[in-house]
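Report on the following structure.
What follows draws every value from the coordinates through simple rules; no lab data is involved. Only a predicted model underlies this, so the values are computations on that prediction, with no experimental measurement involved. Using ideal geometry, Cβ is built from the backbone for each residue, glycine included, and neighbour counts are taken over all protein chains shown.
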Amino acid sequence: MRLQLAVLSGKLTRFFSRLMRLGEGSTLPGKLARIIHPQILQELAGNRNTLLVTGTNGKTTTSHLLARALETSAYSLVHNSYGANLETGIITSLLTQASIWGEIHCDYNLFEIDEATLPLIIQDLHPHVIILTNLFRDQLDRYGDLEGLIKKMGAALSILPETTTLVVNGDDPLLFSLTQETSLSTLYFGLNKEEEPGYSVTTADIHHCPRCGSRYLYQARYYAHLGLYYCSSCGNQRPKLQVYAEDILLLDGRSQFTLHYPKDVLTVQLPLPGIFNIYNLLAAFSAALLLGFSPEIFNQSLGHLKPVFGRMEECIIFNRPVRIILVKNPTGFNEVLRIVAGDKRKKGILFFLNDKTADGEDVSWIWDVDFSGLTGDESCFVSGLRKEEMALRLKYSDIQSRLFSYRRESFQEVLETAPGEILYILPTYTALLRVRRMIAQLVKKEGSHVS
Amino acid sequence: MYLKIGHLYPYTLSLYGDRGNILALKKRCLWRNIQVFVTEMDMGEVRDLSSFDLLFLGGGQDRDQVLAAEDLLSRKGELKEALAEKTVLLAICGGYQILGHSYQTQEETIKGVHLLDIHTRAGSRRLIGNVAITVTCFPEEFPLVGFENHSGRTYLGEGVQPLGQVQVGAGNNGEDGSEGCRQDTIFASYLHGPLLPKNPRFTDYLLEMAVKRRYPKAVLSPLDDSLEAQAQKRAQEVAQAKR
């Protein structure tokens, strides 16, 4: 009875918060339902096969790729696809699928889950597969420090039964040290490639071998601390990869590579840009493989793939292409700048820096971003709640920028008048929500289209 | 004119945008036509400290901080010599803590370098948030803004004066209203990351001291700091609104 009451109130809250346009209604229903029935997560997640995606970057895209593969094979999912990845967001996604009796007729739970939330709710979820994408410094004002977070994650993994399988980015030495000690069966994925010529590291969060304390060396570094690492004194090294990408070609907005997995090879055309999306694909592919999916079907599911929410969405505004890419931590920002720098057209770049809780109140992180890849020919504009800090950051990389106010009229003016054949919009999380809303309003008014 | 900067443990101690501080020092020299040479020295590489006009020591995670403290302790004589020759040392957060006598956690007491008469105890709650202080260790007072994120509570001894007085935030220990410290040419603060870019007055004080080591009569030419002032003002507003 209590469960039904919780489900019903959750559903009603969602209905009204959408009706009143209070937002997507992606966390509030879960909050309310949990108050009424504290064990609701465990109850609704039930004994369904549960797949979790966690890590600093790539959670949303990875779970999206995996969802495509599952849906292509006609499986039904409970999926927190809006990226609301705290406990309340996960409960909301379950409520959405539940009948008012609290029954859910789906084959899988697929949840992306905040890395700090994982330890708090792992015992309620009985995960079948956990994907660990990567770990970078991110929002230290919220997490405290990375070391503490890793300890908590390690403790969380240690309580899992042997039926859980881990899918882990083997190129990440932090994740490797986290999973090296576990007795759970682990599938490692990664890349086999050369280091990009002239690549210099500005952010790396592990430097020493956790086993003996010597400096980690790299045969090739892909980005931040990801790469082909080894310890020269104790022999610790990147684990053997069961799934890996090779012969990688990075192209504008997409990539092409060969995907090696036990016993066979596939050629993949990935319609998403950058190395980090290759990692996302490998993560999703590895999980699909574990679940017994045919690699060919997985490959087919990439056919009509569209970027998810703010991850290189492209639209046409005032007759010009505009790309929106979320930036939220130094490593992600650096990789996004690599993509922007790779686009040789004349460009305008609009940076939005906010400092709300979801963005991180500490804006120090933008000083770890490496802007040296920009040529100086770009026209740069800055906005958001901390636009002055952003402009200052650019100034200290010898990039001039123009500040504009965080309002629709000013945004519209910049969209209309900024020079360049293409505009890149790089917002932090809460700014992304606002940017999308402002664009939606503009599109309504101007009749431009968003594709 | 030139200036030599030594960045101590840039890999072992590098959190929270420490590179922003190096960048600010570098750019503010280059904009004045002062040549800058930045040398990075990590574990086992620290040497010739007296040849540097300014040394920077950043913050790190606990484990890395212990490693750096051990390494620096082995170069202590050289560091003292450099300081006797007026080399400016700026230490932030973890770097600040290891310059003191000790860092006491519940389990153990980690030995510091004993350069500053300060000691630090681990607190139960992390002190996190925007900070605004008034700098009091120079002939004139001025505001300084930044962000703190530390669990250590640092207490100053007799021989050191605070960098400034806290207006908003916790500072050294959240109790006595002091933030950071100064002892001759050593400056230390809990305000991490991009402390120097948006506090150009403080930065220029440090730079002028460092430049004068080689060129006693040098005066730094003024720069257009209007954007710095805007960023500082905004950070101050945020600090006041949020804490």
Response to the item:
Here the relative contact order (percent) of chain A, from C-alpha pairs under 8 Å and at least 6 apart, is 12 percent
Worksheet item: Given charges of +1 on the Cβ of Lys and Arg and -1 on the Cβ of Asp and Glu, with all other atoms neutral, how large is the dipole of the protein assembly as shown about its Cα centre, in debye to the nearest 20?
Response: 1440 debye
Discussion item. Compute, for region A:44-141, the length of the dipole vector about the Cα centre, with Cβ point charges of +1 (Lys, Arg) and -1 (Asp, Glu) only. Units Debye, rounded to 20.
Written reply: 200 debye
Fill in: Chain lengthening between A:Glu314 and A:Thr357 when straightened (0.36 nm per residue, less Cα-Cα)
12.8 nm
Worksheet item: So what are the ³J(HN,Hα) numbers for region A:244-252, from phi and the Karplus equation (6.51, -1.76, 1.60; θ = phi - 60°), rounded to whole Hz, Gly and Pro as x?
Response: 8, 9, 9, 6, 7, 10, 9, 10, 5
Worksheet, complete the sentence: Non-local residues with an amide H under 5 Å from the amide H of A:Ala224, with H modelled 1.01 Å from N and Pro and chain starts lacking one, are A:Thr202, A:Thr203
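Using Cα-Cα distances under 8 Å and only pairs 6 or more residues apart, what relative contact order does region B:147-243 have, in percent?
Contact order relative to length: 22 percent.
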Worksheet item: What is the fewest-to-most order of A:Thr133, A:Thr258 by other Cβ atoms lying within 10 Å of their Cβ?
Response: A:Thr258, A:Thr133
Worksheet item: Near the amide H of B:Ile118, under 5 Å away, which other amide H atoms are found, from residues 5 or more places off or on another chain, if H is placed in the peptide plane?
Response: B:His101, B:Gly157
Worksheet entry | Sparse-neighbourhood loop sites, trypsin sites (Lys or Arg not before Pro) in region A:392-428 - DSSP loop, at most 16 other Cβ within 10 angstrom | A:Arg407
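Of all DSSP beta bridges in the protein assembly as shown, what percent run antiparallel (nearest 5)?
Approximately 45 percent, going by the DSSP bridge assignments.
What is the order of A:Thr417, A:Thr331, fewest Cβ neighbours within 10 Å to most?
Working: A:Thr417 11, A:Thr331 27.
So the residues, fewest neighbours to most, are A:Thr417, A:Thr331.
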Discussion item. Longer than 20 Å from Cα to Cα, which of A:Lys344/A:Lys444; B:Lys76/B:Lys217; A:Lys193/A:Lys328; A:Lys356/B:Lys233; B:Lys4/B:Lys217 are they? Say none if no pair is.
Written reply: A:Lys344/A:Lys444; B:Lys76/B:Lys217; A:Lys193/A:Lys328
Worksheet item: Label-point separation (nm) for B:Arg63 and A:Leu120, each offset 7 Å from Cα along Cα-to-Cβ?
Response: 2.5 nm
Practice prompt. Evaluate the distance, in nm, between pseudo-label points positioned 7 Å from the Cα of A:Ile100 and of A:Leu251 along their respective Cα→Cβ axes.
Written response: 5.2 nm
Discussion item. For A:Met390, B:Met1, which order do you get if you count the other beta carbons within 10 Å of each Cβ and list the fewest first?
Written reply: B:Met1, A:Met390
Discussion item. Place a point 7 Å from Cα of B:Asp176 in the direction of its Cβ. Which residues in region B:138-164 have their backbone N less than 17 Å from it?
Written reply: B:152-164
Discussion item. Need one number: nm distance between label points at B:Glu45 and A:Lys444, each 7 Å from Cα along Cα→Cβ, rounded to one decimal.
Written reply: 5.6 nm
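How about region B:1-30: which chymotrypsin sites (Phe, Trp or Tyr not before Pro) there are in a DSSP loop, with at most 10 other Cβ atoms within 10 Å of their Cβ? The partial results should precede the final answer.
On the way: sites: B:Tyr2, B:Tyr11, B:Tyr16; in loops: B:Tyr11, B:Tyr16.
For chymotrypsin sites (Phe, Trp or Tyr not before Pro) across region B:1-30 that sit outside H, G, I, E and B with at most 10 neighbouring Cβ atoms in 10 Å, the list is empty.
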Worksheet, complete the sentence: Unpartnered Cys in the protein assembly as shown, judged by a 4.7 Å Cβ-Cβ cut-off, are A:Cys106, A:Cys315, A:Cys380, B:Cys29, B:Cys93, B:Cys137, B:Cys181
Item to complete: Output the relative contact order of region A:14-107, whole-number percent, from Cα pairs under 8 angstrom with separation of 6+ residues.
Response: 36 percent
Practice prompt. Sketch the reach of a paramagnetic label on B:Leu73 as a point 7 Å from Cα along Cα-to-Cβ, and name the residues of region A:207-236 whose backbone nitrogen lies under 11 Å away.
Written response: none
Worksheet item: Using 1/(1 + (r/R0)^6) with R0 = 45 angstrom and r between the beta carbons of B:Gln240 and A:Lys263, what's the FRET efficiency to the nearest 0.05?
Response: 0.10
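Can you list the chymotrypsin sites (Phe, Trp or Tyr not before Pro) in region A:138-207 that are in a DSSP coil and have 16 or fewer other beta carbons within 10 angstrom?
Filter output for region A:138-207: A:Tyr199.
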Worksheet, complete the sentence: Counting sequence-distant residues (5 or more places) and residues on other chains, those with an amide H built under 5 Å from that of A:Lys347 are A:Ser379, A:Glu421
Worksheet item: Which residue, chosen from B:Val46, B:Ser226, B:Leu116, occupies the Cα position most advanced towards the positive end of the dipole of chain B, where the dipole is computed from +1 (Lys, Arg) and -1 (Asp, Glu) charges on Cβ about the Cα centre?
Response: B:Ser226
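Only Lys, Arg, Asp and Glu count, each charged at its Cβ (+1, +1, -1, -1), so figure out the dipole size of region A:269-415 about its Cα centre, rounded to 20 debye.
420 debye
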Discussion item. Taking θ = phi - 60°, what integer Hz values does the Karplus form 6.51 cos²θ - 1.76 cosθ + 1.60 yield along region A:218-233, in sequence order, with x for Gly and Pro?
Written reply: 10, 6, 8, 10, 8, 6, 6, 9, 7, x, 9, 9, 7, 9, 6, 9
Worksheet, complete the sentence: Between A:Ser214 and A:Arg2, Cβ-based FRET efficiency (R0 41 Å, step 0.05) works out to 0.15
Worksheet item: B:Met209 to B:Glu141: FRET efficiency via 1/(1 + (r/R0)^6), r the Cβ-Cβ distance, R0 22 Å, to the nearest 0.05?
Response: 0.80
Practice prompt. Please give the length that would be gained between B:Glu85 and B:Leu223 if that part of the chain were fully extended, namely 0.36 nm times their separation in residues minus their C-alpha to C-alpha distance (nm, one decimal).
Written response: 46.9 nm
Item to complete: State the Cα centre-to-centre distance between region A:1-61 and region B:1-53 in whole Å.
Response: 50 Å
Fill in: Calculated from backbone phi, Karplus (6.51, -1.76, 1.60) coupling profile of region B:155-171 in Hz, x at Gly/Pro
10, 8, x, 5, x, 10, 10, x, 5, x, 9, 6, 9, 9, x, 9, x
